1. So, in the stretch 1-40, exactly how many residues are among the small types (Gly, Ala, Ser) and under 22 Å from GLU201 (Cα atoms)?
2. Could you tell me whether any residue of the stretch 3-26 is in the same structural domain as VAL215 (by TED's automatic domain parsing), more than 17 Å from LYS211 (Cβ to Cβ), modelled with pLDDT of 90 or more and part of a loop (DSSP other than H, G, I, E, B)?
3. Let me spell it out: the conditions are (1) out of contact with any strand residue (DSSP E or B) (no Cβ under 8 Å at 6 or more places or on another chain); (2) more than 24 Å from SER92 (Cα to Cα), and LEU159 meets all of them except one. Which number is the exception?
4. Going by what's in this entry, would SER26 be described as hydroxyl-bearing (Ser, Thr, Tyr) and either buried (at least 16 other Cβ atoms within 10 Å of the Cβ) or touching a residue at least 40 places away in the same chain (Cβ under 8 Å) (or both)?
5. Would you confirm whether any residue within the stretch 136-154 is of a type in the set (Val, Ile, Thr), farther than 15 Å from ILE189 by Cβ, in the same structural domain as LYS95 (by TED's automatic domain parsing) and assigned to a loop (DSSP other than H, G, I, E, B)?
6. Mind listing whichever residues of the stretch 138-177 are surrounded by fewer than 18 Cβ atoms within 10 Å (Cβ to Cβ) and at positive phi?
7. What are the residues in the stretch 91-101 that are crowded, with 18+ Cβ neighbours inside 10 Å and over 22 Å from the mean Cα position of the chain (by Cα), if any?
Amino acid sequence: MEISLNKINIGYEDIVLKDLSLEIKSGTWNFIIGSTGSGKSTLLQSIALLLENKSGNIFWKNKDLSLSKNLKEYRETSGFMFQYTEKQFFNSTIKDEIIYSLVKNKVSKELIEKKLKEVLKILNIDESILGKAPSELSGGQKRFVAFASILINSPTLLLLDEPTAGLDSINKRLFLNVLENLKKAGITIIQISHTLQDVLEYGDRVIVLEKGKIVDDGNPLKVLSDYDMDFFKFCKIMENYGIKLENIKTIEHFLEAVKNNGK
């Protein structure tokens, strides 16, 4: 198991996780959804150990993260991306921002340059922006730079708070395709999203929060079918004709299932 939360009580003001337990399997793509104030960001930040839990325990690969030696290793192999990416920028140039952690860990200049080129290629970031200040970038560019500063460390766990918000359709598809490839390579992803189509298409699992508690959890299509949406209602009806919900991820999958069922 990648992450285990055991009876966590954590939060601030009126957004608090209440006696919450959760387990996340390694190599899976997990979405967290819920209304504003439901505790999504609080949950993600608690998994990232950015908030101090009032009670309960958090484990990573069966290692107690209350122990400093385990916490250090955890931070080195996980990456957190804020909803508002400007919160994690503090260097004067884009290049310094991306390579900061490697410089801090005294990685050789040759390896830094090699890993920098790799991550720029993966995210289709133009080298021409490396000398710019983060404040000069658009919102979409900031998201890719923030992601690059995480990926350059080769994390095994990604914690992402609405990472594609504000991206146009082309860049959003690029971002999600990168995540999909990382997941195929065994990376564990925990992502907050308001876009249910993304949850359906990419998610192995969706966790629904309400007032700091998990109110639904499981296969995305089965969970989302509880919502008042015509497409999911239609899919439920089609189950009566031999089309299984768990085999459908996109509209294209659905149409193919209908076609095959009619043969």
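The values are calculated or read from the model by the stated rules, or taken from the named source; none is laboratory data. Only a predicted model underlies this, so the values are computations on that prediction, with no experimental measurement involved. Virtual Cβ from ideal backbone geometry, glycine too; neighbours counted across all protein chains shown.
1. Going through the stretch 1-40, the residues among the small types (Gly, Ala, Ser) turn out to be 4, 11, 21, 26-27, 34-35, 37-39.
In the following step, the residues that additionally are under 22 Å from GLU201 (Cα atoms) were identified as 26-27, 34-35.
Count: 4.
2. Yes, the conditions are met somewhere in the stretch 3-26.
3. With respect to (1) out of contact with any strand residue (DSSP E or B) (no Cβ under 8 Å at 6 or more places or on another chain); (2) more than 24 Å from SER92 (Cα to Cα), LEU159 is out only on (1).
4. Taking the combined requirement at face value, the residue satisfies it.
5. Checking the stretch 136-154: at least one residue is of a type in the set (Val, Ile, Thr), farther than 15 Å from ILE189 by Cβ, in the same structural domain as LYS95 (by TED's automatic domain parsing) and assigned to a loop (DSSP other than H, G, I, E, B).
6. SER154, GLY166
7. To start, the set of residues in the stretch 91-101 that are crowded, with 18+ Cβ neighbours inside 10 Å comprises 94-95, 97-99.
Across the stretch 91-101, the qualifying residues are ILE94, LYS95.
Per-residue answers, yes or no, for (1) under 21 Å from the mean Cα position of the chain (by Cα); (2) more than 22 Å from PRO220 (Cβ to Cβ):
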residue: LYS25; (1), (2): yes, no
residue: ILE33; (1), (2): yes, no
residue: LYS40; (1), (2): yes, no
residue: GLN45; (1), (2): yes, yes
residue: LEU51; (1), (2): yes, yes
residue: PHE59; (1), (2): yes, yes
residue: LEU67; (1), (2): no, yes
residue: LYS104; (1), (2): no, yes
